[in-house]
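The values are calculated or read from the model by the stated rules, or taken from the named source; none is laboratory data. Predicted, not measured: the structure shown is a model, and the values here were computed from it. A quick note on method: Cβ atoms are made from the backbone with ideal geometry, for glycine too, and the neighbour counts reach across all protein chains shown.
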Amino acid sequence: MQSSGRWSGSAPADGVPPSWHALFAPLPADAVPHRQPVGTPEVLATPTGAAIAGWEQIVIDLSAGGAGLRVVHVVLDGEGRVISASDMVLYRSPEAGPGDPATVEIRQESVGGRFEANGSFRGTRWLAVGSEPEADEAPDWVMTPSEPSEADVAGLRALVADMLRRAPPSGTI
């Protein structure tokens, strides 16, 4: 079920991940993003906060239970123009059960960046892999940046369009 931009679901018992649990995959039909100001009321009340007055973020958090998660994030400036966006998917494998000492491997894929006034995209594709840290241990992940492909940018643009269609209207936050 979805609520306030957070959609909870879990991997089916057969272990097959939800179809939306992949970078640029279509979002669940019933998932509704959450729209909110970029700054807190305290920040927006300051002279510095004036620079981001009217900016909004549209976010959807999708949970695949112990298999991982996905977050899609779009930022709009005060004129309602998309200025940045990202899609991030985190995979956990295998799903460790209660008391299971198995090492859990993490794989995180993301593409994000800014959309320029001329329509171009400046961003980065990230791949992070490693073992899930225990307790208070710092993660020891290998993080690899790369240039997003044309297909990545097209996939992100399609997600942005879908998020804008699904989001509650501005002024309802």
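From (1) part of a strand (DSSP E or B); (2) more than 30 Å from VAL129 (Cβ to Cβ); (3) hydrophobic (A, V, I, L, M, F, W, C), pick out the condition that doesn't hold for ALA51.
Going through the list (1) part of a strand (DSSP E or B); (2) more than 30 Å from VAL129 (Cβ to Cβ); (3) hydrophobic (A, V, I, L, M, F, W, C), ALA51 breaks only (1).
Answer yes if at least one residue in the range 141-158 is over 19 Å from PRO26 (Cα atoms), modelled with pLDDT of 95 or more and among the charged types (D, E, K, R), and no otherwise.
Yes: one or more hits.
Which condition number in (1) surrounded by fewer than 17 Cβ atoms within 10 Å (Cβ to Cβ); (2) within 23 Å of MET143 (Cβ to Cβ); (3) of a type outside the set (Asp, Glu) is the one that VAL72 fails?
Failing condition for VAL72: (1).
Condition test on ARG114, is it of a type outside the set (S, T, N, Q), in contact (Cβ under 8 Å) with a residue 24 or more places away in the chain and over 17 Å from ARG70 (Cα atoms)?
yes
For the range 25-39, how many residues meet the condition of being within 14 Å of the chain's Cα centre (by Cα) and among the small types (Gly, Ala, Ser)?
Residues in the range 25-39 being within 14 Å of the chain's Cα centre (by Cα) and among the small types (Gly, Ala, Ser): 2 in total.
Step by step: first the residues of the range 14-69, then only those that are modelled with pLDDT of 90 or more and charged (D, E, K, R), then the one that is surrounded by the most Cβ atoms within 10 Å (Cβ to Cβ). Which residue is that?
If we filter the range 14-69 for residues that are modelled with pLDDT of 90 or more, which is where we start, we get 18-64, 68-69.
Those left that are additionally charged (D, E, K, R): 30, 35, 42, 56, 61.
On the way: ASP30: 10, ARG35: 22, GLU42: 8, GLU56: 19, ASP61: 18.
Within the range 14-69, the match that is surrounded by the most Cβ atoms within 10 Å (Cβ to Cβ) is ARG35.
Taking the options GLY112, GLY123, GLY97, name whichever one is under 22 Å from PRO17 (Cβ atoms), in contact with a helix residue (DSSP H, G or I) (Cβ under 9 Å, 6 or more places away or on another chain) and at pLDDT 95 or above.
Working: GLY123 fails: under 22 Å from PRO17 (Cβ atoms); GLY97 fails: at pLDDT 95 or above.
Of the residues listed, the single one that is under 22 Å from PRO17 (Cβ atoms), in contact with a helix residue (DSSP H, G or I) (Cβ under 9 Å, 6 or more places away or on another chain) and at pLDDT 95 or above is GLY112.
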